[in-house]
Structures are given as C-alpha cells and as structure tokens.
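Presented below is the structure to which this report refers.
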Ligand SMILES: Cc1ncc(COP(=O)(O)O)c(C=O)c1O
C-alpha cells in the first residue's frame, strides 16, 4: 500500500480543500503537470507532421503516451485511440457503427447521459433502443440484459461502475452473455479506469471508453477509446493527419489509430495523461481500489447511522457515496459543506437523470473518494453532514 500522506504532496490543491468530487474529475499529479510543462517549454510542435527535431520529439512523446495507456490496460496500442473525453469516444462508436434500419441496441437505466443519448438518437435512423431496468441500488442484473437480447440486437452499451450509485456491474458476465449471443459490447469505464483492476483479456470488450481526467488522473480534454476491430468502424471526423493519399477524386485513410484522430490532437494533454497513467500504475491499481472502496464503504455506513440521512447504492460499492439529508435540497447541502468546511462534493442529477429519477428523488449529494483522500477527511464529511441535519 502506498503512503497516502506522501502521495498528497503531489497534489498541492489538497492543502486548501477536502476534495470529494473525484467522480466528476480528479486532481492531476505534479509529475504529469511537469510533463506538460516540458512539452511547452522544451519541444512543442505538431504531432506526426514534419521532419524537424521538435516535431519528431513531440511525436515520440505522444506515441509513448499511447504505449503507456495501452500497456496500462493490456490492450494493443494500434487500437488505443485518443479522444477529448469519454463522450466523444462513445459518439465515435455510435456514429461510426455500420447500422442497418431495424437493428437493436441495449442500454441500461443507470447510464450517464453520455452513454445514453448517443444511442437514443439512433432511433431517428430506425434503430430500436431498449433501456433495461436496474435495481434501486443501481445494479444491473445481467439476466435483464440476456432477456432483452433479440435476433436483431447488435450492441450492448453498459457502464462498468455507475457514477450515480457507485454500483460495480458484473461486466464479465454481461460481456460473456454478449459474446454467446454474437452481440458487440461497449463498456463505459469512466468510473472504473484507474480506480479498479479491469481484466481486459477476460472482459474482452469490443469497445472500451474512459476519460483521461478521472481515475487516470490526467488533464481535462483527454479521453481513451479502444476498438477491438477498428476496420469495422467509420471515422467520425475527416481531415489532416488521418489519410495516406488524397486525389481530386478520392482519399485513402490511414489505419487505426490515425484514422480516428483527424486534426491536431490535444498533444500536451495526451502527454500529461501518459505520465499520469504511469503514476497510477506506480501506485498500483489494486492498492488504489482497496483504499477508495474502503473509504466509501466506511463513509456510507457512518452516514447511514445519522438520523435524517439517507444513503443510496449497494453495500458493495466503488468510491462513490450518494446521499440526501431529509428535508434539504442536495445543492444546499453541497453548498454548506463547501462554505463551512471546504468540502467539495457534487450535487444534482450527475448527468444521469433516468437513474436518479428511478430513486424517486430530484437529486443527490455525491461524495466520491480518490486515491489521495484520508480517514480525517472522511471524519470531517461525516461530522459536517451530521451538523447539517441539525439545521433542518
Ligand atoms: C459513467 C460515466 N460515463 C461517461 C461520462 C462522461 O465523461 P466525459 O465528461 O469525460 O465525457 C462520465 C462523467 O462523469 C461518467 O461518469
């Protein structure tokens, strides 16, 4: 297990606040910020174009970052595509998949809007979309998915960990159901990548997406998309950097990953992401998972013990703890936590309205733990929430 107090030294802002909004975005370690600073101060140039030394150095660093991310997930570098976030990754798949009218897609009620709307829009082109139910704790029952599969089902899109509930889906079983049925599966790893071990070889998803700015500790504006069979998916964007030849009549695309990365990418961001992924790997994902899951489990059980506090989600949870103080609006609770003790949490629908609606509430307060949070910070959260209940 790594030493949390020394890890915190790598995240200067943690001296100022109690940061419990890690499911929205995490802080970035100084090592990754320095890597980005080196890019700007020492070798900034465009990627993949140009024979001069700076262009070559930029390209090397950018491609090294791809190698770091691919090796972190144990996937092929040529199938590891950089995007600007998980949302873009999902849209590339939903737009580039070879749909036919009458095809069928399965999603769940507990998806982030980013893994819901791109599929719902397919209804406009005659694709049928089924949204399967989840239980009240946000857990997807793989049997619900099996039962929803029909002859025309082409794809299942499902979260690995719910950003609303912290529920960890049985992704291995869901994936094997998809495989048995000959249906493709997209796994939204936005809340699991960097937070828990993912055995890509056994899950074997057709598509895996995650942002760079959550558990991978990278900067905003970075995302990852893994495509098992890149030739089956059309590029969403066309332009420079992704073609090998262009004539007046036609053009020939480069293979993946260049095919999916048209235009100048977020070069400094990707270089920062490469370094932050190495940082996560150095600490060890198993240790991070143990730390975050234990803090969340304890926070949930301590909050549950406070009269007037309702906690949601399953007993076995990732680092996410949603709750409400009876009689108080979630945003007011979040504001008081910040203004009285500098505790930063998220409140509202968490970009997952159907999932929150399913609870019968109009929002929750969400505390989400990261690798650098401490027992003292947890104490502070519990004590301040308890004080807030006295205000009602
Ligand atoms: C489960 C899940 N999917 C997708 C997203 C979208 O991520 P991004 O905003 O980086 O595209 C999020 C962000 O909170 C998420 O939690």
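Quick note: the coordinates plus some simple rules give every number you see, no bench work behind them. Being a predicted model, the structure only gives us computed values, none of them experimental. Positions of Cβ are backbone-derived with ideal geometry, glycine not excepted, and every protein chain shown enters the neighbour counts.
Couple of notes before you dig in:
- For the stretch 159-267, the alpha-carbon radius of gyration amounts to 1.26 times the rule-of-thumb value 2.2 N^0.38 Å expected for a compact globular protein.
- Evaluated at q = 0.11, 0.12, 0.16 Å⁻¹, a Debye calculation over the C-alpha positions of the stretch 284-389 (equal weights, vacuum) places log10 I(q)/I(0) at -0.31, -0.37, -0.66.
- Under conditions of 20 °C and 1.002 mPa s, the chain yields 98 µm² s⁻¹ as its translational diffusion coefficient, taking Rh as the Kirkwood radius over Cα pairs in the Stokes-Einstein equation.
- Scattering profile of the stretch 1-124 at q = 0.11, 0.16 Å⁻¹ [log10 I(q)/I(0), Debye over alpha-carbon scatterers]: -0.66, -1.09
- Distance between the 7 Å Cα→Cβ label points at residue 15 and residue 202: 4.3 nm.
- Three-way shape label, the stretch 261-311, alpha-carbon gyration tensor, a/c 1.5: oblate
- Calculated FRET efficiency for the pair residue 5/residue 40, C-beta based, R₀ 25 Å, to 0.05: 0.25
- Residue order for 15, 259, fewest other beta carbons within 10 angstrom first, comes to 15, 259.
- Computed [θ] at 222 nm, deg cm²/dmol, the chain (DSSP H ≥ 4; -39,500 (n - 2.57); rounded to nearest 500): -11000 deg cm²/dmol
- The C-alpha atoms of the chain define a longest principal axis, and helix 171-181 lies at about 40 degrees to it.
- Shape call, the stretch 76-127: gyration tensor on alpha carbons, a/c limit 1.5: oblate
- Residues 323, 73, 40, arranged from fewest to most other Cβ atoms within 10 angstrom of their Cβ, appear as 40, 73, 323.
- Placing pseudo-labels 7 Å out from each Cα toward the beta carbon at residue 54 and residue 95 gives an inter-label distance of 3.1 nm.
- Taking other Cβ atoms within 10 Å as a rough exposure proxy, 357, 376 sort from fewest to most as 376, 357.
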